[in-house]
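A short reminder: the numbers here are calculations on the coordinates, not readings from a lab. Every value quoted in this text rests on a predicted model; they were computed, and no experiment measured them. Positions of Cβ are generated from backbone atoms using ideal geometry, with glycine treated the same way; all protein chains shown enter the neighbour counts.
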Amino acid sequence: MSLEVTIDDKRGLILMRGSGVLTDADLAAGHHQVGANPAADPSFGRICDLSALTDVRVSDESLDLWVTDPVSNPPVRHAIVCNTPPVLKRVLDYVRLSRKQFREVSVFPSYEQAADWMAREHKSP
């Protein structure tokens, strides 16, 4: 599988890491991992590290389902790590669609920058 999900209870984050080629089946499996895990609090922020992806082969239909589903795309902060041009194009499609759902989504070139942005959210009054 090219999308792994881990829960970081201490930081209140759901972390997803992709590698290789991301497909519709990977999105469905990631959705199942989050939905089936009782530790996956829907209020947790999300960091999706796609820096190890080589390509994205996700259909428009799967992307639309992912964006509109409250389990895979709840109204929390989403940070996406992406630095590969072919992957970035599809990530920007996700960002555009998510913002239509009033989601706060940002893209970062490194995991450290994404994690720092997420940590600042929790320190704000």
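What to note about this one:
- Ranked by the mean number of other Cβ atoms within 10 Å per residue, highest first, peptides 46-54, 20-28, 100-108 order as 46-54, 20-28, 100-108.
- Taking 15 Å as the cut-off, the amide N atoms of region 83-111 that come nearer than this to a point 7 Å along the Cα-to-beta-carbon line of residue 55 belong to 85-90.
- Three-way shape label, the chain, alpha-carbon gyration tensor, a/c 1.5: rounded
- By average C-beta atoms within 10 angstrom, highest first, the peptides 71-79, 91-99: 71-79, 91-99
- Helical runs assigned H by DSSP (4 residues or longer) give the chain a calculated mean residue ellipticity at 222 nm of -13000 deg cm²/dmol, each run adding -39500 (n - 2.57) before division by the residue total.
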